[in-house]
Amino acid sequence: MKHKTTALLSALAAAAIIILFSCSKNNSDNPNQPASAVDSALVNIGTNIILVSYQDLAAKTTAMDAAVTAFVQTPDASKLASAQAAFKAAYLSWQTCSEYEFGPAADQSLATNTINVFPTDTAIIKNNISSGNYTIDGIGNLKAQGFPALDFLLFSTDNNSALSRFTTDAAATNAKKYLSAVAVSLKAKAAATLAAWTGTYISTFKNATGVNAGSSLSLLVNALVYDYDVVLKTYKLGIPFGKFGATAVPQVPAKVEAYYSGISLQLMIQQVKALQNIYLGATGYGLDDKIIASKAQKNGVPLNDVIVAQFNTLLVKLNALSDPLAAAIVSNNTGVGDAYTEAGKLVVLLKVDLSSALGIKISFQDDDGD
Amino acid sequence: MTAIKLKKFLYSNTHIAPLAFFRIAFGAVLCITSIRFIAHGWVKDFYTTPVFHFPFYGFEWVTVLSPAGMYGLYAGMVLGALMICTGLYYRIGAILFWLCFVYAEMIDKTYYLNHYYLVSVLVFLLIFVPANRYFSLDILRKPGLKKTMVPAWTINIFKCQLAIIYIYAGLSKVNADWLIHAMPLQLWLPANQFIPVLGKWLAFPATAIIFSWCGMLFDLSIVFLLLNRRTRVVAYMLVIIFHVLTAILFQIGMFPWIMLAATTVFFSAHFHLRVLRAVSFLWPSLRRGDAEQGYHSSSFFKRAGVFLLACYFLVQLLLPIRFLLFPGKLLWTEEGYRFSWRVMLMEKGGTTFFYVTDPATGRRFEVNNREFITGYQERMMETQPDMMLQYAKLLQQEYRKKGIQNAKVQVESYVTLNGSGSRLFIDSSVNLAAQKETLFGHKKWILPYHP
């Protein structure tokens with residue numbers, strides 16, 4: 001009896017293994033199946049989106065550095081205006097790169113918590129300028145460098161005082177040095193990150209398939225969920241709007257990104273569009289194709305439709321507001337509140353539904369697994 | 001009849017070789033595991049960096065040690081594993097490893113893994129068996145310790161334990177999610193479609209179904225196939241295929257290698273003797289004097305042993321089915337989920353928006369979880385109600401320090417389970433900070449799962 005049972009079981013197991021291999025072969029003409037061993041989404045996102053974004057950032061930060069150099073040589077209103085324009089262009093370009101805080105960007109510290117810490121600490125900046133003693137990329141200087149520092153230095157409260165800081169002010173020479181140093185640092189980091197991507201990292205990125213810790217998809221989705229959830233929803237919108245913090249006054253408009261130049265919404269919209277672009281894979285293979293292939297649903301509707309719609313809804317709500325965001329927070333509570341609510345819904349879709357449909361774990365620490 | 005069988009199962013004389021081999025193989029894997037843990041920097045990431053931890057219910061007194069203490073704990077594991085593997089001061093080594101390991105695992109349930117539980121269970125059993133009486137440094141040290149024969153229970157308890165693991169793992173796969181919808185493999189396999197050779201088959205829905213069924217059949221049958229002498233070789237080949245496949249496809253760390261080492265215990269003494277003798281050229285003195293020397297359980301064990309073993313295995317049998325005490329879907333509520341050999345059964349993801357209300361001012365604000373816990377802790381907390389409860393209490397305690405007395409803590413939590421799509425997980429009107437954790441009480445604030 002016992003022998004019969006075990007014999008039966010082993011026959012079953014053997015049959016299962018045989019079925020496993022033979023069945024698979026029968027399905028080889030499945031049309032959904034990409035033929036190559038290459039993840040088209042990684043290839044497309046890496047080559048046509050990430051690389052292009054870094055090329056743009058490198059170009060824009062180079063142009064910004066040139067404009068800043070011209071301005072500090074002969075500081076006048078028109079050179080200030082062109083430096084400001086170059087700054088806005090570079091800051092907008094950064095919004096399409098902040099999504100990739102892994103690999104080269106992490107190595108080169110081209111990250112939100114190094115070059116986009118807002119609100120910038122004006123006291124440290126002023127002190128650095130008056131003392132002339134600082135390490136621009138030092139760990140204690142994170143709140144006094146990057147785009148937010150330039151935002152403060154180039155705009156301050158009105159154009160006249162920004163100009164006077166570099167002309168009539170007693171510390172004008174030091175201020176010019178500081179301005180240049182911040183611009184040079186950004187240019188250098190962008191160039192180094194681009195060089196690493198065009199060098200070997202692009203193939204590393206394309207080849208690290210799968211969803212385990214360290215795979216490109218895991219790195220990418222984790223980075224963009226962080227960029228959206230923490231950077232955009234919490235820091236750019238939630239905190240200034242007074243959604244966080246027990247003791248803070250209900251609203252802290254001065255904590256918005258780009259407070260001095262007042263282009264906060266423009267930047268935020270650019271960031272949402274960049275995330276949308278990654279999701280859609282621009283016009284090629286993107287995360288959307290993977291979601292469609294997974295047949296994932298949300299309340300009986302294809303998940304892809306829900307995500308696409310939510311990106312659009314959020315953009316509609318953001319477009320309904322007008323810059324400066326700091327003013328809108330005070331004057332248009334309902335409008336900003338609506339945008340915040342829609343932003344929260346997209347957090348759930350990206351962090352929970354999208355990642356789960358792809359089998360990606362958020363905050364994926366390399367660990368022993370189960 | 002049964003009594004005789006039981007007596008034979010426990011006390012018949014059997015050769016010690018399988019036990020000695022198991023000790024060496026398993027000890028080696030434990031050693032690698034512990035070194036790997038330190039080398040990956042996980043002691044720092046998991047224990048030194050986080051400010052707060054999520055202790056197990058009833059074991060809140062197990063707290064994280066200083067960084068030096070934590071590294072000491074892991075060094076203790078490496079040393080203990082080496083002592084087990086080589087059989088040098090074996091019992092002290094086994095106890096040392098077990099204490100260090102279990103202490104570390106009890107600090108924070110974030111890091112709970114079935115395979116860590118497996119390790120703690122198997123090493124616990126190792127403490128009680130004379131696995132160092134053959135082919136060990138202890139017998140070089142004290143030749144008188146050497147025994148060639150041991151009572152069968154010393155080997156059979158490991159077979160029983162492994163049987164419980166595989167069969168419960170198999171039973172937990174007998175459900176519609178796993179067998180009909182092929183979840184979560186349907187989500188996980190396509191992610192591997194770009195690996196060489198195997199990859200091209202993995203995106204087919206049929207593959208997930210086949211893998212699901214094979215996995216279930218494997219888990220339910222493998223112990224019987226390993227027990228039977230005639231099917232054993234095929235069975236161990238299946239063990240290798242199964243566990244190596246899971247190692248390729250999923251990130252499951254050392255688990256496959258632990259199972260490959262552990263299942264060798266099913267092989268005959270004859271096989272293990274051949275292996276041990278083949279490798280003993282390294283250390284010829286280990287071969288000397290293989291005359292039959294019996295090991296006798298202490299008379300205490302003879303009297304109390306059956307009872308103790310029965311108690312132990314009763315607990316092992318009951319723990320995995322304690323979920324029956326709770327209403328609702330087990331994978332959704334996770335009430336009675338841990339310590340029950342449910343492996344790789346769910347793709348679950350979540351997110352939480354915690355809200356704190358100051359009762360004095362009525363001000364309600366959102367919490368940035370990363371201010372208190374690490375991303376890893378947050379991820380685990382966001383799908384596990386008991387951790388949310390702990391986190392809510394932690395928030396209340398932290399905001400008390402910031403001057404808010406009796407802060408009300410609510411959570412808006414969304415979870416997706418095996419492709420269900422995200423839905424509200426917790427009753428967001430409930431003040432979690434005021435809820436109590438119990439051992440077997442159902443958490444009424446978990447919203448029921450509707451398929």
query = List the aspartates and glutamates whose alpha-carbon lies under 18 Å from that of B:Lys402, not counting same-chain residues fewer than 8 positions away?
reply = B:Asp358, B:Glu366, B:Glu371
ask   = What share of all Cα pairs of region B:90-243, in percent, falls into each consecutive 5 Å distance bin?
value = 2, 8, 11, 13, 15, 15, 14, 9, 6, 4, 2, 1, 0
ask   = What's the long-distance tail for region B:27-106, i.e. % of Cα pairs beyond 22 Å?
value = 25 percent
Helix B:299-318 vs. chain B, principal-axis angle (Cα, 0 to 90°, nearest 10) = 40 degrees
request  = Please state, as a whole number in µm²/s, the translational diffusion coefficient that the Stokes-Einstein equation yields for region B:344-390 at 20 °C and 1.002 mPa s, with Rh defined as the Kirkwood radius across alpha carbon pairs.
outcome  = 176 µm²/s
Hull shadow area, averaged, chain A [alpha-carbon convex hull, nm²] = 24.5 nm²
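Just check region B:109-175 against the gyration tensor rule for me: Cα atoms, a ≥ b ≥ c as the square roots of the eigenvalues, rounded for a/c under 1.5, and otherwise prolate or oblate depending on whether a/b exceeds b/c.
oblate
Is the shape of chain B best called rounded, prolate or oblate, per the rule: a/c under 1.5 gives rounded, else a/b larger than b/c gives prolate, else oblate, with a ≥ b ≥ c the square roots of the Cα gyration tensor eigenvalues?
Numbers: a/c = 2.06, a/b = 1.62, b/c = 1.28.
Cα axes put chain B in the prolate bin.
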request  = Just rank A:Val316, A:Val252, fewest to most, by other beta-carbon atoms within 10 angstrom.
outcome  = A:Val316, A:Val252
task = Starting from 0 in steps of 5 Å, tell me what percent of the Cα-Cα pairs of region B:292-451 lands in each bin.
result = 1, 8, 15, 17, 15, 12, 8, 6, 5, 4, 4, 3, 2, 1, 0, 0, 0
ask   = When B:Phe440, B:Phe339 are ordered from fewest to most other Cβ atoms inside 10 Å of their Cβ, what list results?
value = B:Phe440, B:Phe339
inquiry  = Output the 0 to 90 degree angle, nearest 10, between the alpha-carbon long axis of helix B:205-227 and the longest principal axis computed from the alpha carbons of chain B.
reply    = 40 degrees
task = Would you mind working out the magnitude of the charge dipole of region A:238-340 relative to its Cα centre, with +1 at each Lys and Arg C-beta and -1 at each Asp and Glu C-beta, to the nearest 20 Debye?
result = 180 debye
task = Determine, for A:Tyr340, B:Tyr414, B:Tyr337, A:Tyr100, the number of other Cβ atoms within 10 Å of each Cβ, and report the residues in order from fewest to most.
result = A:Tyr340, B:Tyr337, B:Tyr414, A:Tyr100
request  = Calculate, axis by axis, the spread of Cα positions in region A:327-369 along the three principal axes, and write the results as whole Å, longest axis first.
outcome  = 51, 18, 8
message = How compact is region B:166-253 by the rule of thumb for globular proteins, expressed as Cα Rg over 2.2 N^0.38 Å?
response = 1.13
query = Measuring from centroid to centroid over Cα atoms, what is the spacing of region B:351-367 and region A:176-239 in Å?
reply = 32 Å
message = Please report Rg (one decimal) and Dmax (integer) in Å for the Cα set of region A:248-318.
response = 16.1, 47
note = Quotient of Cα radius of gyration and Kirkwood radius for region A:172-308, i.e. Rg/Rh, equals 1.06
message = Run the reach check for A:Lys317 against lysines, Cα to Cα strictly under 17 Å, same-chain hits fewer than 8 apart removed. What comes back?
response = A:Lys233, A:Lys236, A:Lys273, A:Lys345
ask   = What list of whole percents do you get for P(r) of region A:174-254, with Cα-Cα distances grouped in 10 Å bins up to the one holding the largest distance?
value = 15, 22, 29, 26, 8, 0
remark   = In chain A, taking the dipole from +1 charges on Lys and Arg beta carbons and -1 charges on Asp and Glu beta carbons about the Cα centre, the listed residue (A:Val225, A:Gln271, A:Ser156) farthest towards the positive end is A:Val225
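For region A:221-370, what D do you get in µm² per second when you plug the Kirkwood radius from alpha-carbon pairs into Stokes-Einstein at 4 °C and 1.567 mPa s? Working shown, then result.
Values: Rh = 16.3 Å.
For these conditions, the coefficient is 80 µm²/s.
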inquiry  = When a/c reaches 1.5 or more, the comparison of a/b and b/c decides; with that in mind, is region B:150-207 rounded, prolate or oblate per its Cα gyration tensor?
reply    = oblate
remark   = Rounded to one decimal in Å, the inverse mean reciprocal Cα-Cα distance for the protein assembly as shown, i.e. its Kirkwood radius, is 29.9 Å
query = Roughly what angle does helix B:232-249 make with the longest principal axis of chain B, taking Cα atoms, 0 to 90 degrees, to the nearest 10?
reply = 30 degrees
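Rule-based calculations on the coordinates, nothing more; no lab input. The shown structure was predicted, so the numbers you read here are calculated from the model rather than taken from an experiment. Cβ atoms come from the backbone with ideal geometry, glycine included; neighbour counts cover every protein chain shown.
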